[in-house]
Each structure stands twice: as C-alpha cells, then as structure tokens.
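Bear in mind that the values in this text are calculations on the coordinates, not laboratory data. None of the values given here were measured: they were computed from a predicted structure. For neighbour counting, all protein chains shown are included, and Cβ atoms are generated from backbone atoms with ideal geometry for every residue, glycine included.
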Amino acid sequence: MEKSQLSRRGFIGKAGKAGVAMGLAGLLGWDQVRGHVPGMPVIPGMPLATSSGENKNPLPRWRGFNLLDYFTPGHGGSRDKTTDDDLKWMRDWGFDFVRLPMAYPSYLDIDRSRPILPEEVYQVDVRVADKIEELVARANGYGLHVSLNLHRAPGYCINAGFHEPYNLWKDEEALKAFCWHWEYWAKRFKEVPREKISFDLVNEPAMREDMNDQHSPSTTVPGDIYRKVALAASQAIRGANPRHLVIADGNNVGNSVIPEITDLDIAQSCRGYYPHAISHYQAPWANKNPELCPLPVWPGKIGDREYSRKDLEAYYQPWIALAQSGVGVHCGECGCWRNTPHEVFLAWFGDVLDILTSAGIGFGLWNFRGEFGILNSGRKDVAYEEWHGHQLDRKLLTLLQRY
C-alpha cells in the first residue's frame, strides 16, 4: 500500500513547550501533566520525556493485542471468545493493552435475511452489549487498558461482508447514527476512567468509490470531512464524560497523519503494516490475485521495489513528529498474516517495533489467537511450543516482549 506524502507544517509549527503542555493537559488533565516533569510522580506506563526531549508522546506506550470477539457482523460476533486464560497470559507475559474492534451489526437485534434499513441501526441487543461491557471489565480486571473501536461503523468499513445502507463520509444520516453509537458506548462506560478505556472512532478510514466493495478504488478522506466526523463523534462521547479519551485512526487506511484534527484533543492511531507486500502477503481480502504476490524478503527486493529499514523510518517519520508535537500516538494494529515467511516477518517486525519503541509509541498486534497472533497462527514454518492446548509461537512472543 502506497503511503501518502504529507506536509507537517500544519502541526510542527504548533509544537514547542506550550503546545506539548496543552496536548498533555488535553489528553490527561492538568493534574497529570506533572507525570512528565522530572522530579514529579510518574503515571504508570507513561513514557517520560528525556533530557534531550526525544520522547514527548502523551499516550502511554501500551503493548498488547486486538481481540476479535465482535469483529464479525453476525449476531453476537465470533463464537471464539476471549477467555480469562487469554487475559491472564497477556498480563503475565507483560502486556497491558487490548483493542476491541467491533462490527456494529454484531450487537444489533435485526432481520439478517435482508440488507439492513437505516432505521434499524439503532436496534441494540442489550444482551450482546452487556457481554461487551463484561469483556471490558474482565480485561480491566487483568490490568489491561481497553481501546473500544468501531471496525465497522454505520456507513463505513474497510472490509466487505455486510451491506451498508449509506456512506459515513457523505450522508448526514450515517453521521447521525455513528454519533449515536458512540454516545451509547460512552454512556455505558461513563464511570470508567481514561486510564482503563479509550474510544477509537472508526477503523482505517478511506474514501471508497463503492462502500460495499473492499477492492473498489479508494482515496484519502478529505481533511475537512474527517474533521467534521471526528469532531461530531468526540463531542457525542464527551457529552457522557468530558474526560473520555478519544483516538482517531490515521487517514488513507490508517497510513497518514491527520493534521486537520490536531487541535481537537484527539489522539491518533497509526498502523504497522507497511509495506503491505510483507504484512499482507497472499492475504485474500487484501489482494485481488493473491497467487500473483511476489515472495517477500527483508531487507531486499520485493517485485520491482527495494525495501530497507530506511523506508520504515521515512514512513513513520510523520507519526513520530506528531507525537513530538504533543499529540498522542499509538499503533493500534500491526503484524503479518500467516503466509509471510516467518523469518522475514520477524526481521521486518523487529525493525518496526524498534522504530516505534524508540519514539515511545506502543502497539497492538492484530490478534492474540489466530492468523496474525502468537497462539494458533497456522503458520507452516514455525516450530510451535505446546501451551495449555494451544500452539505458541515462542519466537514472536519473545520479540514482542523485547519491546
């Protein structure tokens, strides 16, 4: 996936001590800013700015996984639900973060024999919503911050698999529904502090020609439109609790910084998938002709393009600059699908994690158990370790723990 070129003048000019202080205060509250001042109490998990000022990211360097319990649009989401053992192992292995990407239809009570009607997007099945709330509480109980995300929002999803009745970026009715859903969840969790929960607005935004065809050509969402949507949703969320922590995924499918919202007290989430030729090698949902994908190497030539760590450094430079300016940055998704050769994956991913960690940016691997995960990934070139009935990729776990 080709990344967008982005001028940083819109936010670099606002950097400096005042900008950083206001960014920290907006995200954490003025009473917490002292956690970044030498000699003052430190917030657990919060990276300190060094004496030379390298690390000013106001978000904690959360490290963890995406949980796919409600990722699919079917009623109640996936049948394979996160267990207490999963959460315990995450904690015991040193992780402190989970992201919960949800398809909003998974918690609706609707007729699934036909396309959804616009008025039906408000029909929440409280029984499913209760289970989502319980999962958040269980994860919090194991010391894990939960980032609640609409992977499929009313009017937009990066994937196909459910027919949307409108377009989030173009239709006011879709925006109204989007804000309604976020207000619903914000009220559900109004008493949960921002140290335990955040609200990640919509997964990997893009302006797609056909909203219901994931291979349809797409472009960057115009900045003014993204700002309108993000502002409306954040206001809906903070109507329930003004201190709720809000995160926006990068524009252009998570690749690009959003300079248009840096003044809105909204953190931003990047991705750890560049280049797609490595992370999504032969992935059928990401490639029209998976069998034609060139074999990835790292570093080296993939197809007709040479790749090295310098390419990763250039890709993440706008995100690092954003964090330096005082806007919170986290990498909400990262990793490789199972067909990428394991040694290539580990070599590339080690560079990704090293660059992010050096900038104080945390990460969430796209999944814990499954084709991107450390358990039961189904890779054919891994010497798995038996782990309580699961197949553990010990090399990947060790790499993650290193960062």
- Note on the structure: Per the rule of 0.36 nm per residue minus the C-alpha distance, extending LEU117 to GLU172 adds in nm 18.3 nm
- Query: With point charges of +1 on the Cβ of Lys and Arg and -1 on the Cβ of Asp and Glu, referenced to the Cα centre of the chain, which listed residue (LEU144, ASN203, ASN289) lies farthest in the positive direction of the dipole?
  - Reply: LEU144
- If you count, for each residue, the other Cβ atoms within 10 Å and average over each peptide, how do 98-106, 379-387 line up from highest to lowest? 98-106, 379-387
- Message: For a protection proxy built on the mean count of beta-carbon atoms within 10 angstrom, sort 303-314, 169-180 highest first, please.
- Response: 169-180, 303-314
- Whose amide H sits under 5 Å from the amide H of MET207, counting only residues 5 or more places off or on another chain, with H placed in the peptide plane? THR219, THR220, VAL221
- Using the Kirkwood formula over every pair of different C-alpha atoms, what hydrodynamic radius in Å results for the range 110-173? 14.0 Å
- Inter-label distance, nm, simple model (7 Å from Cα along the C-beta direction), ASP304/LYS81: 5.1 nm
- In whole Hz, what ³J(HN,Hα) sequence does the range 108-120 give by Karplus (6.51, -1.76, 1.60; θ = phi - 60°), x for Gly and Pro? 9, 9, 9, 7, 8, 7, 8, x, 5, 9, x, 6, 8
- Task: Measure up LYS131/LYS187; LYS170/LYS228; LYS310/LYS395; LYS187/LYS228; LYS56/LYS187 against 20 Å on the Cα-Cα distance and list the ones that go over.
- Result: LYS310/LYS395; LYS187/LYS228; LYS56/LYS187
- Query: So for the range 9-372, taking the charge dipole from beta-carbon charges (+1 Lys/Arg, -1 Asp/Glu), which of TYR107, PRO299, TYR122 sits furthest toward the positive end?
  - Reply: PRO299
- Item | Neighbourhood charge, 15 Å Cβ-Cβ cut-off, centred on ASN66 and excluding it, Lys, Arg +1 and Asp, Glu -1 | -3
- Note on the structure: Computed curve, the range 256-403, Cα-only Debye sum without solvent term, log₁₀ I(q)/I(0) at 0.10 Å⁻¹, is -0.37
- Message: Taking every alpha carbon pair in the range 61-100, what does the distance histogram look like in 10 angstrom bins from 0, in percent?
- Response: 30, 47, 21, 2
- Message: Please list, in order along the range 183-190, the HN-Hα scalar couplings obtained from phi with the Karplus expression 6.51 cos²θ - 1.76 cosθ + 1.60 (θ = phi - 60°), rounded to whole Hz, x for Gly and Pro.
- Response: 5, 4, 6, 4, 6, 4, 10, 5
- Item | Inter-probe distance in nm under a simple model that places probes 7 Å from Cα toward Cβ, at ARG402 and ARG91 | 2.8 nm
- Task: Take the Cα coordinates of the range 71-122, assign each an equal point scatterer, and use the Debye formula without solvent to give log10 I(q)/I(0) at q = 0.31 Å⁻¹.
- Result: -1.20
- Helix-only mean residue ellipticity at 222 nm for the chain, each DSSP H run of n ≥ 4 adding -39500 (n - 2.57), per residue, nearest 500: -9500 deg cm²/dmol
- Task: Would you mind counting up the charge near GLY77? Only other residues with Cβ under 10 Å from its Cβ, with Lys and Arg at +1 and Asp and Glu at -1.
- Result: +1
- Note on the structure: One quarter of the C-alpha convex hull surface, i.e. the mean projected area of the range 162-223 in nm², amounts to 5.5 nm²
- Value of relative contact order over the chain, rounded to a whole percent, pairs C-alpha under 8 Å and six or more apart: 18 percent
- Message: About the Cα centre, and with charges only on the beta carbon of Lys, Arg (+1) and Asp, Glu (-1), how big is the dipole of the chain? Nearest 20 debye, please.
- Response: 920 debye
- Note on the structure: Eigenvalues of the alpha-carbon gyration tensor of the range 9-372, times 5 and square-rooted, give semi-axes in Å, largest first, of 28, 26, 21
- Message: Please give me the summed charge of the neighbours of TYR226: other residues whose Cβ is under 11 Å from its Cβ, Lys and Arg +1, Asp and Glu -1.
- Response: -1
- Direction-averaged shadow area of the convex hull around the Cα atoms of the range 61-156, nm²? 6.4 nm²
- Amide H proximity to LEU108 below 5 Å, modelled H, separation 5+ or other chain, gives GLY76, ASP125
